[in-house]
Amino acid sequence: MSYRILVVDDSPVSRKMVCRAVQMSGLDVGEILEAGNGREALDLIANSWVDIVLADINMPVMSGAEMVAEMAKTDFMSVTPVVIISSEKSEKRQEELKALGVSAYLPKPFRPEQVKQIVEKLLREKGEGGHG
Amino acid sequence: MADAPSADKLTELSLSLLADAAFVFAERSPEPLATNQSMLVARLLIEHDVKWELVVCVELDLGMVLAANLLGIENDSDEARNAAGDAVGELANILAGSVSIEFHGVHTICKIGIPTVAVEPGQIFGGTLAKATRNCHFVTEEGAHLAIALVPRGKA
């Protein structure tokens, strides 16, 4: 069984850093999908199953906060954990997003082991083996 | 209106970010950044009641080192060269998150803009640094230079 992970960030460097952290984690990663903004991410998940979403906030076209607000209108986050990985460190922002259904918030800069711990925990809690 | 973080605080935030995220170790430089060469410059706005522009000016080779360290690739690779601008922009983005907390605390949401990155001649970035309220110049262990500045940009 292997996981399908969606990484959402307008910065290609940041996406690569997150992808690298996920790949180094030892998790059984089947596929990593990438999106450059919230709109691309929503379009992608409308057509593809993912096991977890790792998303930035500050992005053009549609921000991570706007993306989460759209997801909150559906039951997406009751099924699929969404983790925000962002430079924003405002506690108010974190509270707002968690109230909408975000599962975890990891401030940048992050250590790869932090990504591993959060992703492992959430996938374990989700109780599924992924898209195998 | 919130005051800009002190130069010491901006220095502390910048140096710890460089070390923690990019494994680049630097210290305050006694000399200002030279303006006789072009630099890789990332700019973004931090907005709440007023707008501040965070400006990160980096020597081109240092930009490649930053990209290489962030991505775990060779310094002198084409991939590092191509990613240098984005790496400097991303570091500016991360620094902006910390700086916005210094401005307004953890209970306020500031708008952090999308960074723009360009190779700028000294005339351009030098003019910006001259207008900065906070202007910190650094030199790395390897002798590369960079500057980080906060420039007031009026009311939001």
> What does the average come to when, for each residue of peptide B:102-114, you count the partner chain Cβ atoms lying within 10 Å of its Cβ?
Replying inline: 4
> With charges only on Cβ, +1 for K and R and -1 for D and E, what is the dipole size of chain B about its Cα centre, in debye, rounded to 20?
Replying inline: 820
>> Tell me the angle of helix B:60-71 to the major Cα principal axis of chain B, expressed in degrees between 0 and 90 and rounded to the nearest ten.
In response: 90
> Over the Cα atoms of the stretch B:107-153, Rg to Rh with Kirkwood Rh, two decimal places?
Replying inline: 1.04
> If we sort A:114-123, A:85-94, B:61-70 on the protection proxy, mean other Cβ atoms within 10 Å, highest first, what's the order?
Replying inline: B:61-70, A:85-94, A:114-123
>> My understanding is that a pair violates if its Cα-Cα distance is over 27 Å; which of A:Lys89/B:Lys9; A:Lys116/B:Lys9; A:Lys89/A:Lys121; A:Lys16/A:Lys98; A:Lys98/B:Lys111 do that in this structure?
In response: A:Lys116/B:Lys9
> Under 17 Å from a point 7 Å along the Cα-to-Cβ line of A:Glu31: which residues of the stretch A:43-59 have their amide N that close?
Replying inline: A:43-54
>> Place a point 7 Å from Cα of B:Gln37 in the direction of its Cβ. Which residues in the stretch B:60-86 have their backbone N less than 16 Å from it?
In response: B:60-66, B:76
> Could you give the distance between the Cα centres of the stretch B:95-146 and the stretch A:58-122, to the whole Å?
Replying inline: 26
>> Can you find, among A:Leu100, A:Met1, B:Phe25, the residue sitting farthest towards the positive end of the charge dipole of the protein assembly as shown, where Lys and Arg contribute +1 and Asp and Glu -1 at Cβ?
In response: A:Leu100
>> What number comes out for accessible area per residue over the protein assembly as shown if the probe is 1.4 Å? Units Å², please.
In response: 44
>> Per residue, how big is the convex hull of the protein assembly as shown when only Cα atoms are used? Give it in Å³.
In response: 123
> Ignoring ligands, DNA and RNA, what percent of the 1.4 Å accessible area of the protein assembly as shown is carbon and sulfur?
Replying inline: 48
> Quick one: buried accessible area between B and A, total over both chains, 1.4 angstrom probe, nearest 100 Å²?
Replying inline: 1900
> How much mean residue ellipticity at 222 nm does chain A get from its helices, if each DSSP H run of length 4 or more adds -39500 (n - 2.57) and you divide by all residues, to the nearest 500 deg cm²/dmol?
Replying inline: -13500 deg cm²/dmol
>> Compute the helix-to-body angle for B:122-131: its Cα long axis versus the longest principal axis of chain B, expressed 0 to 90° and rounded to tens.
In response: 30
> What is chain A's relative contact order, in percent, from Cα pairs under 8 angstrom and six or more apart in sequence?
Replying inline: 31
> Given the rule -39500 (n - 2.57) for each run of at least 4 DSSP H residues, summed and divided by the residues of chain B, what is its mean residue ellipticity at 222 nm, to the nearest 500 deg cm²/dmol?
Replying inline: -14000 deg cm²/dmol
> Once you put a point 7 Å from the Cα of A:Ser48 and another 7 Å from the Cα of B:Val50, both along the Cβ direction, what distance in nm separates them?
Replying inline: 4.5
>> Per-residue Cβ counts within 10 Å, from other chains only, averaged over A:5-18: what number is that?
In response: 4
> What is the diffusion coefficient of chain A in µm²/s, taking the Kirkwood radius over Cα pairs and the Stokes-Einstein relation at 37 °C with a viscosity of 0.692 mPa s?
Replying inline: 228
> Give me the Kirkwood hydrodynamic radius of the stretch B:7-155 in Å, from all C-alpha pairs, to one decimal place?
Replying inline: 15.2
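The values are calculated or read from the model by the stated rules, or taken from the named source; none is laboratory data. Computed from a predicted structure; not experimentally measured. All Cβ positions, glycine included, derive from the backbone under ideal geometry; neighbour counts span all protein chains shown. We work out accessible area using only protein heavy atoms, side chains counted, and drop any ligands, DNA or RNA first. Shrake-Rupley method; radii C 1.70, N 1.55, O 1.52, S 1.80 Å.
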